[in-house]
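For reference, the structure discussed in these notes is given below.
The values are calculated or read from the model by the stated rules, or taken from the named source; none is laboratory data. Everything quoted here is computed from the prediction, not taken from an experiment. Note: ideal-geometry Cβ built from the backbone for every residue, glycine included; neighbour counts use all protein chains shown. The accessibility values were calculated without ligands, DNA or RNA, using every heavy atom of the protein model including side chains. Shrake-Rupley method; radii C 1.70, N 1.55, O 1.52, S 1.80 Å.
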Amino acid sequence: MTHFTTELLIIGGGSTGAGVAWDAALRGFKVILVERRDLTHGTTGRYHGLLHSGARYVVKDPQSAVECIHENRVLRRTHTHCIEETGGFFVVTPEDEGDYPDRFKAACDQCGVPCTEIAVAEALRREPLLNPRISRVFEVPDAAADSFLATHATAEAARRAGAQIFVYHEVIDLLTTGGEGDRRVTGARVRNVASGEELVIHADLVINASGAWAGKVAGLASISVNVIPGKGTMLALNHRIVNTVINRCKMPADGDILVPIQTVAVIGTTDERVADPEHLRIERWEVQLMLDEGEKLVPGLSRARVLRAWAGVRPLYQEGFQGESRDVTRALTLLDHRQRDGVAGLLTITGGKWTTFRLMAETTVDKACEQLGVKRPCQTAETPVPGIEQGHFWLGHRLRQV
Ligand SMILES: Cc1cc2nc3c(=O)[nH]c(=O)nc-3n(C[C@H](O)[C@H](O)[C@H](O)COP(=O)(O)OP(=O)(O)OC[C@H]3O[C@@H](n4cnc5c(N)ncnc54)[C@H](O)[C@@H]3O)c2cc1C
């Protein structure tokens, strides 16, 4: 059996794991990342496509809003080419009664999310297909983002800084030493899922960045982590019917965001607690709900041809939470298993958003430095990934190249 030795072993090749590998490699750590399929195989490759301004969460989940607006600004610098500057509207439809819009505006101000109320006529001039019965419109710095490109660019930046990335390598066991009270995770047994070959990776610290599977991975060391898997379904329509991200101005709910992504528009999403992140079905009612809700934003939307429906699972986490997945915080969570469970050598990073993956990585590697007894400042907020010289993505990008 082949043996490797590293300082940090990262489990999971989604946005979070790639971000941790990049951050840690830049800080001079020896890093190995293992992903059981391709990079972005998990939720990162099945998301809605929105670089959040944080406005969606200002009323319900201000901690997440603050994290989002901070990272929204950073990613525009570090991952410029992965982001299209669409801007975002929060619109009040006839169904959205009450004082939410005023609370929303005040909460944006409190969380530091730039938000300007604009005239409905101006919004309709810019987005002529919007529901003409909307009564108020707020403009925020939402954007569309390509998570595939961003994760691959982040992984490439990590490789250039010295990280090793093994795709199609699945962690099948965590290595532990010690007994009750002084247990330590010292690495992992990994299977190459293409060849069946097994290898052992010894590590000073193991970082569990396996998203909705984080509970399963922690379970390999008999540690209980109750990730709350919230499934969301999205539909891609065959037209880019809007050029701006359109959100309903109300408490987050189903089917209330429409995102222009390259030549299509994506309406989403639902939020349903599921038992198993592995086996997801798109239900007929979910498709109908997306079309019905989308119709309230853009009348006629439901007559567009649906190209594709897909679903992903949010890796949500809130200690002791019992309710609906919709109500779980979207803020990031770092679990230090030495402190929490008396098992050294393992950190779990979960929760958060795609938008906050860099901050999740920074938080994790700060803790890794502390545990490994070194002081090395984070560099990712000021270090661009390969490709940013292309500038922000825009629709004519490819045409210009040919
Ligand atoms: C429907 C939906 C819409 C969303 N829309 C947005 C949005 O518009 N904007 C936004 O900012 N956020 C959005 N999110 C949230 C965002 O997508 C996630 O928070 C983020 O992608 C999670 O990334 P991750 O790397 O933590 O997890 P993942 O991307 O799931 O990565 C975990 C990886 O670990 C791997 N893995 C699991 N077990 C093992 C093992 N044993 N060995 C090796 N590898 C393993 C998996 O294959 C997977 O690739 C959305 C989420 C959902 C569900």
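Return one whole number: the accessible area per residue of the chain in Å², for a 1.4 Å probe.
Values: 16460 Å² over 402 residues.
On a per-residue basis, the chain sits at 41 Å².
Which is farthest toward the positive dipole end of the range 18-88 among 48, 62, 22, measuring Cα position about the Cα centre, with Cβ charges +1 (Lys, Arg) and -1 (Asp, Glu)?
22
Would you kindly derive the ³J(HN,Hα) couplings of the range 102-109 from the backbone phi angles with the Karplus curve 6.51 cos²θ - 1.76 cosθ + 1.60 (θ = phi - 60°), listing them in order in whole Hz, with x for Gly and Pro?
Values, residue by residue: 6, 5, 4, 4, 5, 5, 4, 4 Hz.
Using only Cα atoms, locate the centre of the range 25-84 and the centre of the range 87-154, then give the distance between them in Å, rounded to an integer.
Cα centroid of the range 25-84 versus Cα centroid of the range 87-154: 20 Å apart.
Amide H neighbours of residue 343 under 5 Å, at least 5 residues apart or on other chains, H built in the peptide plane: list them.
The answer is 338.
Which residue, 334, 323, 354, has the largest displacement toward the positive end of the dipole of the range 317-366 when charges sit on each Cβ (Lys, Arg +1; Asp, Glu -1)?
Of the options given, the answer is 354.
What percentage of the solvent-accessible surface of the chain, computed with a 1.4 Å probe over protein heavy atoms, is contributed by carbon and sulfur atoms? Let's see the in-between values first.
Details: 8210 of 16460 Å².
About 50 percent, which is the carbon plus sulfur part of the accessible surface.
Helix-derived [θ] at 222 nm for the chain: sum -39500 (n - 2.57) over DSSP H runs of at least 4, divide by residue count, nearest 500?
On the way: 10 runs with 108 residues, N = 402.
After summing the helix terms and dividing by residue count, I get -8000 deg cm²/dmol.
Return the loop-located GluC sites (Glu not before Pro) in the range 87-178 (DSSP other than H, G, I, E, B) with at most 14 other Cβ atoms within 10 Å of their own Cβ; answer none if there are none. Numbers along the way, then the final one.
Values: sites: 95, 97, 117, 122, 139, 156, 170; in loops: 95, 97.
Filter output for the range 87-178: 95, 97.
Bins of 10 Å, beginning at zero and ending with the bin holding the largest distance: percent of Cα pairs per bin for the chain, please.
Binned Cα distances yield the sequence 5, 23, 32, 24, 12, 4, 0.
Return P(r) of the range 315-402 (all Cα-Cα pairs; 10 Å bins starting at 0; whole %; ordered from short to long distances).
Spelled out bin by bin, the range 315-402 gives 14, 31, 28, 17, 9, 2 percent.
If you count, for each residue, the other Cβ atoms within 10 Å and average over each peptide, how do 299-308, 85-94 line up from highest to lowest? Walk me through the intermediate numbers first.
Details: 299-308: 14.0, 85-94: 20.9.
Most protected by this proxy first, the peptides run 85-94, 299-308.
Going by Cβ distance under 4.7 Å, what cysteines of the chain have no possible disulfide partner?
Those would be 68, 82, 111, 249, 369, 378, since no other cysteine Cβ in the chain comes under 4.7 Å of theirs.
Applying the Karplus parametrisation 6.51 cos²θ - 1.76 cosθ + 1.60 with θ = phi - 60° to the phi angles of the range 324-337, what ³J(HN,Hα) value in whole Hz is obtained for each residue in order, glycine and proline being reported as x?
Rounded to whole hertz, the list is 6, 5, 4, 9, 6, 4, 9, 6, 6, 9, 10, 9, 9, 6.
Using the crude model of +1 on Lys and Arg Cβ and -1 on Asp and Glu Cβ, and no other charge, please compute the dipole size for the range 284-356 relative to its Cα centre, in debye to 20. Spell out each step's value before the answer.
Working: 11 positive and 9 negative charges, 71 e Å.
I would put it at about 340 debye.
Relative to the longest principal Cα axis of the chain, at what angle does helix 147-160 sit, 0 to 90 degrees, rounded to 10?
30 degrees
Using DSSP to define loop residues, name the chymotrypsin sites (Phe, Trp or Tyr not before Pro) in the range 291-400 whose beta-carbon has at most 14 other beta-carbon atoms within 10 Å.
On the way: sites: 310, 317, 321, 354, 357, 393, 394; in loops: 317, 321, 394.
Within the range 291-400, the qualifying chymotrypsin sites (Phe, Trp or Tyr not before Pro) (loop, at most 14 other Cβ atoms within 10 Å) are 321, 394.
Can you compute the charge dipole magnitude of the range 183-253 about its Cα centre, using +1 on each Lys and Arg Cβ and -1 on each Asp and Glu Cβ, nothing else charged? Give it in debye, rounded to the nearest 20.
Numbers: 9 positive and 3 negative charges, 78 e Å.
Rounded to the nearest 20 debye, it is 380 debye.
In debye to the nearest 20, how big a dipole does the chain give about its Cα centre with +1 on each Lys and Arg Cβ and -1 on each Asp and Glu Cβ? Don't skip to the end; give the middle numbers.
Values: 46 positive and 50 negative charges, 154 e Å.
Here the size comes out at about 740 debye.
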